[in-house]
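Report on one structure; see the data block that follows.
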Amino acid sequence: MKKFNEIFRAKSSGQLLIVAALAIAILIASTTMYVYELTEEKQAQKDGTIGDIVLAIKTGLRNTVISALANASKGGEKTVLAKNLETLSSAYRRVYQYGICQISHKLLNSSEYESGIKLSWTNIGLGISSAHVAFTLKIFDLTSNITVDDAVNVTTAIIVGGYYTVNGSNGTKRVSLTCHVLNEEKPAQAKNITIYYEGFGVWIPISDLSTIEWGNGTYNLSFTVANASDTVHVSVHLTDARSIFVMANATCSQA
């Protein structure tokens, strides 16, 4: 699986870095303009505007984390998360007109997370792509002193399992998979699903995939393979509606 992952990531990383850079530029521009418009409200409405600004900044931070995770999950560098957060924080500091706006962040580093990013794509039917950032937002001016401590966690996960039945007439195997898609542990939608199976020592893409979506994050996937072994090894590659990539391998036995 490691070699398969490396080949996949190497092929996709170059173009994705360009797309991600453009996406974050658009994101920063849009959120900055939103904050600018809010800060232009009349002084009489300032108390309400401050609350809107805090919400806008938190939304911008979350969208930045989503963008960075989408990039990293498709082969981009994990350091893109820190770079994008610094760029967004700088934009907010420049645009806030009533006083001082400070944003500091801390990326999670642990046995599972590196620079705030976790990519755990296993051989046991579980795949996780996740990003975690703790942040402190401070807004100071003549009438307000606001400090917000919070964290952003973005996680796309898939759970894959299945079995196969043998076609008696030609010996091919009909594989049936169930794939559960989750965003922050809640049912989510897939934008694209690609499946490979291991045959003759290589990973072969499935061309006759049949997909049933149940509308609750659950997908039933079925296809036919020519495989002489007692088990069928499959690899599910999925991109969710937020463009975050995740994959998981699983082993299917005869029903």
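The values are calculated or read from the model by the stated rules, or taken from the named source; none is laboratory data. The model shown is predicted, which means the values in this text are computed figures rather than measured ones. In this analysis, Cβ positions are derived from the backbone assuming ideal geometry, glycine residues included, and neighbour counts consider all displayed protein chains.
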For residue 155: the one exception among (1) surrounded by 15 or more Cβ atoms within 10 Å (Cβ to Cβ); (2) among the β-branched types (Val, Ile, Thr); (3) out of contact with any Asp or Glu (no Cβ under 9 Å at 6 or more places or on another chain); (4) under 25 Å from residue 67 (Cβ atoms): (3)
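Determine which member of the set 229, 210 is surrounded by fewer than 19 Cβ atoms within 10 Å (Cβ to Cβ), touching a strand residue (DSSP E or B) at 6+ places or on another chain (Cβ under 9 Å) and either under 22 Å from residue 117 (Cβ atoms) or modelled with pLDDT under 95 (or both). So that I can check it myself, show each step before the final result.
On the way: 210 fails: either under 22 Å from residue 117 (Cβ atoms) or modelled with pLDDT under 95 (or both).
After ruling out the rest, the residue left standing is 229.
Restricting attention to the range 180-194, does a residue exist that is touching a residue at least 12 places away in the same chain (Cβ under 8 Å), among the aliphatic types (A, V, I, L, M) and more than 27 Å from residue 76 (Cβ to Cβ)? Outline the logic, then answer.
Initially, the range 180-194 is screened for residues touching a residue at least 12 places away in the same chain (Cβ under 8 Å), giving 180-194.
With among the aliphatic types (A, V, I, L, M) added as a condition, the list becomes 181-182, 188, 190, 193.
Imposing the further condition that a residue be more than 27 Å from residue 76 (Cβ to Cβ) reduces the set to none.
Checked the range 180-194: no residue is touching a residue at least 12 places away in the same chain (Cβ under 8 Å), among the aliphatic types (A, V, I, L, M) and more than 27 Å from residue 76 (Cβ to Cβ).
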Note on the range 91-100: residues farther than 12 Å from residue 60 by Cβ and not β-branched (Val, Ile, Thr) are 93, 94, 96, 97, 98, 99
Hey, residue 169 without any contact (Cβ under 8 Å) to a residue 12 or more places away in the chain and of a type outside the set (A, V, I, L, M) or not: yes
Across the range 179-208, the tally of residues that are in a strand (DSSP E or B) and either closer than 17 Å to residue 240 by Cβ or among the hydrophobic types (A, V, I, L, M, F, W, C) (or both) stands at 16
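Determine which member of the set 91, 82 is aliphatic (A, V, I, L, M), over 22 Å from the mean Cα position of the chain (by Cα), surrounded by 13 or more Cβ atoms within 10 Å (Cβ to Cβ) and at pLDDT 85 or above. Outline the logic, then answer.
Details: 82 fails: over 22 Å from the mean Cα position of the chain (by Cα).
Among 91, 82, only 91 is aliphatic (A, V, I, L, M), over 22 Å from the mean Cα position of the chain (by Cα), surrounded by 13 or more Cβ atoms within 10 Å (Cβ to Cβ) and at pLDDT 85 or above.
Name the residues in the range 209-250 that are hydroxyl-bearing (Ser, Thr, Tyr) and assigned to a strand (DSSP E or B), would you? Before the answer, list the steps.
Just the residues of the range 209-250 that are hydroxyl-bearing (Ser, Thr, Tyr), to begin with: 210-211, 218-219, 222, 224, 229, 231, 235, 239, 243.
Scanning the range 209-250 gives 210, 211, 218, 219, 222, 224, 235, 239.
Is there a residue in the range 120-131 that is surrounded by fewer than 16 Cβ atoms within 10 Å (Cβ to Cβ), assigned to a loop (DSSP other than H, G, I, E, B), in contact with a Lys or Arg (Cβ under 9 Å, 6 or more places away or on another chain) and not small (Gly, Ala, Ser)? If you could, list the steps in order and put the result at the bottom.
In the first step, residues of the range 120-131 are kept if they are surrounded by fewer than 16 Cβ atoms within 10 Å (Cβ to Cβ); the result is 120, 122-124.
Imposing the further condition that a residue be assigned to a loop (DSSP other than H, G, I, E, B) reduces the set to 122-124.
Add one more test, that the residue is in contact with a Lys or Arg (Cβ under 9 Å, 6 or more places away or on another chain), and what stays is none.
No, the range 120-131 contains no residue that is surrounded by fewer than 16 Cβ atoms within 10 Å (Cβ to Cβ), assigned to a loop (DSSP other than H, G, I, E, B), in contact with a Lys or Arg (Cβ under 9 Å, 6 or more places away or on another chain) and not small (Gly, Ala, Ser).
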